[in-house]
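S.K.: Below you'll find the structure I mean.
The values are calculated or read from the model by the stated rules, or taken from the named source; none is laboratory data. Every value quoted in this text rests on a predicted model; they were computed, and no experiment measured them. Here the Cβ positions follow ideal geometry from the backbone for every residue, glycine too, while neighbour counts run over all protein chains shown. Note: accessible area is taken over every heavy atom of the protein model, side chains too, but ligands, DNA and RNA are not part of it. Shrake-Rupley method; radii C 1.70, N 1.55, O 1.52, S 1.80 Å.
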Amino acid sequence: MGKIVAAVGLSHAPGALAFPETATPEARERTEKATRDLGISLEEAKPDIIFAFLDDHFENFYRNLMPTIAVSVAESHVGPADQWMETLRIPKKTHFPGNPKVAEHLIHSLVEDGFDVARTGTVEYGNNLMMPWVLMRPELENVAIIPIFLNVFTPPLMKYSRAYALGEACRKAALALPDETCVAFMCTGGLSHWPPYWSPTQAGDPPADPFLALMKKFQTEGKPVLKEHPDLLARLDDYEIEMAKNNEYPLNSKHPLVNWEWDRGFLDKFCAGDGKWLSALTYEEVEEEAGHGGHEVLNWVALSGAMNSSKAKMVLYEPVVEWICGMAYVDFEIGKETNGATNGSNGTH
């Protein structure tokens, strides 16, 4: 029987690697410490397998073929994808172990429970895994990661209640693993943010902004667009930095980029283990209050389901407008005494 030994959730804003110096030194110090603390938590748990709820930033899936849920089956996966190396300032690729046998078990278990899951082979990671992993610095070289991708950027999206049920089904699959296999869960993404991807709700269809029109083309057609526009993701960084300066998306609009009040409300419910509230979230509410990037909280809702609505400790919440993201760090502290939630920034920095 499998054993769940750790669970962590954290934001994956690319700015934390791509342009960290734009944030205040204090915010950067707090977020980097919180990330490393979660890395230590994973190290101490000594998992054999990590089930990771992630979303794809158009490294592997595009609007022409976008699975609602995908599980990747391969001996290894690699990151970052070519187009992210310069942008994320990561000089060389890392090969992350997979575990085809466990991934197959997970797919079969999910299908048995009524989830029509797409199977992929080797995938390339972007900031979804690379940003947390680089800053967590976990010493887990031989630990396999099984990526579980949820579609968050290409409507229609799954219901939040369905994401919670997916987490429950992944927990069932983890506990059914043989020989006391130790499993850690993690999720990355969110919280509120309006990233420089095209969104039909936020930016219009067709988009009036020329850059977002090009992003729509990339999000639809994929890597061939990068051959035509090899500087596209560098331009995305520049667009994002300009957005942060003006606190608006799209540029020349007046939409703020972080909604810290919504973030704190979400974290209060998440850390309290309020699965009913999380499951009742709607696409419309999250889109309006947390932005088209805020749907990454689907990954968090799945994690809560995987943890059976257990309570968790908020390690840090830091609204970093310079990275256009409400940065959140949560630890379920399995096997540890939880002394209550802490918050290094109190939402005021």
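S.K.: Stretched out fully, how many nm does the piece from ASN142 to LYS172 gain, at 0.36 nm a residue minus the Cα gap? All intermediate terms of the calculation are to be shown ahead of the outcome.
M.R.: Working: separation 30, 0.36 × 30 = 10.80 nm, distance 2.38 nm.
Contour length minus the Cα-Cα distance gives 8.4 nm.
S.K.: Given the pairs LYS33/LYS217; LYS46/LYS311; LYS159/LYS223; LYS172/LYS216; LYS33/LYS93; LYS3/LYS92, which are separated by over 32 angstrom at their Cα positions? Intermediate results must be reported in sequence, preceding the final value.
M.R.: Details: LYS33/LYS217 38 Å; LYS46/LYS311 21 Å; LYS159/LYS223 29 Å; LYS172/LYS216 37 Å; LYS33/LYS93 24 Å; LYS3/LYS92 34 Å.
Among LYS33/LYS217; LYS46/LYS311; LYS159/LYS223; LYS172/LYS216; LYS33/LYS93; LYS3/LYS92, the Cα-Cα distance tops 32 Å for LYS33/LYS217; LYS172/LYS216; LYS3/LYS92.
S.K.: Using Cα centres only, tell me the gap between segment 208-241 and segment 163-200 in whole Å.
M.R.: After rounding, the separation between the Cα centres reads 28 Å.
S.K.: May I pose another question? Assuming a ≥ b ≥ c are the square roots of the Cα gyration tensor eigenvalues, decide whether segment 41-90 counts as rounded (a/c under 1.5), prolate (otherwise, with a/b larger than b/c) or oblate. The partial results should precede the final answer.
M.R.: Details: a/c = 2.31, a/b = 1.32, b/c = 1.75.
Oblate.
S.K.: Could I ask something else about it? Tally the DSSP beta bridges in the chain and give the antiparallel ones as a percent, rounded to 5. Intermediate values should be presented prior to the final figure.
M.R.: Values: 18 of 40 bridges.
Just about 45 percent of them are antiparallel.
S.K.: Along segment 3-9, what does the Karplus equation 6.51 cos²θ - 1.76 cosθ + 1.60 (θ = phi - 60°) give for ³J(HN,Hα), rounded to whole Hz, x for Gly and Pro?
M.R.: With coefficients 6.51, -1.76 and 1.60, one gets 9, 8, 10, 6, 7, 9, x Hz.
S.K.: So how far apart, in nm, are the two label points at LYS245 and GLU44 if each is 7 Å from Cα heading toward Cβ?
M.R.: With each label point 7 Å from Cα toward Cβ, the separation is 4.3 nm.
S.K.: Lys and Arg at +1, Asp and Glu at -1: add these up for the other residues within a Cβ distance under 10 Å of TYR125 and post the number. Walk me through the numbers on the way to the answer.
M.R.: On the way: positive: LYS93; negative: ASP56, GLU59, GLU124.
Local net charge: -2.
S.K.: Another question, if that's okay. Would you mind getting me the FRET efficiency between LYS93 and ASP268? Use the beta-carbon distance for r and R0 = 30 Å, nearest 0.05. Mind dumping the intermediate values first?
M.R.: Details: r = 39 Å, r/R0 = 1.29.
E between LYS93 and ASP268, to the nearest 0.05, is 0.20.
S.K.: Right, another one. What percentage of the solvent-accessible surface of the chain, computed with a 1.4 Å probe over protein heavy atoms, is contributed by carbon and sulfur atoms? Can you show the working numbers first?
M.R.: Working: 6980 of 13890 Å².
Carbon plus sulfur share of accessible area: 50 percent.
S.K.: Now for a separate question. Apply the Karplus parameterisation 6.51 cos²θ - 1.76 cosθ + 1.60, with θ equal to phi minus 60°, to every residue of segment 88-98 and state each ³J(HN,Hα) to the nearest whole Hz, in sequence, with x for glycine and proline.
M.R.: For segment 88-98, the Karplus curve yields 8, 6, 10, x, 9, 7, 10, 9, 9, x, x Hz.
S.K.: I would also like to ask the following. With θ set to phi - 60° and the Karplus curve 6.51 cos²θ - 1.76 cosθ + 1.60, what are the ³J(HN,Hα) couplings of segment 180-187 in order, to the nearest whole Hz, using x for Gly and Pro?
M.R.: 6, 4, 8, 10, 10, 10, 8, 9
S.K.: Sticking with this structure for a sec: Relative contact order for the chain: what is it in percent, counting Cα pairs under 8 Å that are at least 6 residues apart? Intermediate results must be reported in sequence, preceding the final value.
M.R.: Values: 758 pairs, mean separation 100.1, N = 349.
So the answer I get is 29 percent.
S.K.: Here is a further query. Mind checking which lysines have their C-alpha under 20 Å from LYS245, skipping anything on the same chain fewer than 8 residues away?
M.R.: The qualifying lysines are LYS254.
S.K.: Moving to a separate point now. Report the paramagnetic label zone for LYS159: residues of segment 264-299 whose backbone N is under 12 Å from a point 7 Å from Cα along the Cα-to-Cβ axis.
M.R.: 279-283, by backbone N distance to the label point.
S.K.: Also: Can you give the extra length, in nm with one decimal, that the chain gains between ARG36 and ALA234 once fully stretched, where that is 0.36 nm per residue apart less the Cα-Cα distance? Could you put the intermediate results ahead of the total?
M.R.: Numbers: separation 198, 0.36 × 198 = 71.28 nm, distance 2.71 nm.
Stretched fully, the ARG36-ALA234 segment lengthens by 68.6 nm.
S.K.: Using only alpha carbon pairs under 8 Å that are at least six residues apart, calculate the relative contact order of segment 1-131 and give it in whole percent.
M.R.: Working: 141 pairs, mean separation 44.4, N = 131.
About 34 percent, as a whole number.
S.K.: Going by average Cβ neighbours within 10 Å, how do the peptides 12-24, 137-149, 113-125 rank, with the highest at the top? Working shown, then result.
M.R.: Details: 12-24: 21.1, 137-149: 18.7, 113-125: 16.5.
So the order, starting with the most tightly packed, is 12-24, 137-149, 113-125.
S.K.: Taking the solvent-accessible surface of protein heavy atoms with a 1.4 Å probe, what is the per residue accessible area of segment 146-282 in Å²?
M.R.: Values: 5600 Å² over 137 residues.
Per-residue value: 41 Å².
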